[in-house]
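Q: I'd like to ask some things about the structure below.
Please treat every number below as a calculation from the coordinates, not as lab data. Here the structure is a predicted model, which is why all the values come from computation and not from measurement. Positions of Cβ are backbone-derived with ideal geometry, glycine not excepted, and every protein chain shown enters the neighbour counts.
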Amino acid sequence: MSGRIRGVEALALEIPLTKNFGGSTYNVLTRCTIVTRLATEDGLVSQVYNGDNRDDGRTIVKLIHEELAPAYELLAVTTGPIQIKAALNLIGQDVGGLRLPLVEASDEERAQIRDCLERLGVLQQASV
């Protein structure tokens, strides 16, 4: 079992209710929730239901898909702390090297890490 993250999915659900579950000053005519699923190479490992945001559910899902996706991709580049240490070193935080049996990120892995950091906005794009 490697446990490497393969993907994150988020769904905004809005379900009409058959009756009003509101109170004296408000109406609850729909049930809103966000379902977030985390999958690893070993299969689905987490499914979370985040509750009742009637106004911002779709915005939150969009943030998960568009803004946080590079962070999830970063975690999938390689195993262990290799990609995290490489990312920190790329943004100027000297965290040193790795202890055996781990090895430094390859040039290809560093390029993937750099791409994720650029898309996250924490590292300026390298000039061509």
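Q: So what's the angle, to the nearest 10 degrees on a 0 to 90 scale, between helix 107-120 and the longest Cα principal axis of the chain?
A: Its long axis makes an angle of about 40 degrees.
Q: Per the helix-only calculation at 222 nm, which mean residue ellipticity applies to the chain, given -39500 (n - 2.57) for every DSSP H run of n ≥ 4 and division by its residues, nearest 500 deg cm²/dmol?
A: Details: 4 runs with 36 residues, N = 128.
Roughly -8000 deg cm²/dmol at 222 nm, from the helical runs in the chain.
Q: Please name which of LEU102, GLY51, LEU75 has its Cα lying farthest along the dipole of the chain towards the positive end, using unit charges on Cβ (Lys, Arg +1; Asp, Glu -1) and the Cα centre as origin.
A: Toward the positive end, the furthest listed residue is GLY51.
Q: Right, something else. Counting Lys +1, Arg +1, Asp -1, Glu -1, what net charge surrounds ARG119 among other residues with beta carbon under 14 Å of its beta carbon?
A: Numbers: positive: ARG114; negative: GLU66, GLU67, GLU73, ASP115, GLU118.
Within the 14 Å Cβ shell, the charges total -4.
Q: Defining a contact as two alpha carbons under 8 Å apart and six or more residues distant in sequence, what relative contact order in percent does the chain show?
A: On the way: 186 pairs, mean separation 27.7, N = 128.
Value for the chain: 22 percent.
Q: While we're here: Kirkwood hydrodynamic radius, the chain, all distinct C-alpha pairs: what's the number in Å?
A: On the way: mean 1/r = 0.0578 Å⁻¹.
In the chain this quantity evaluates to 17.3 Å.
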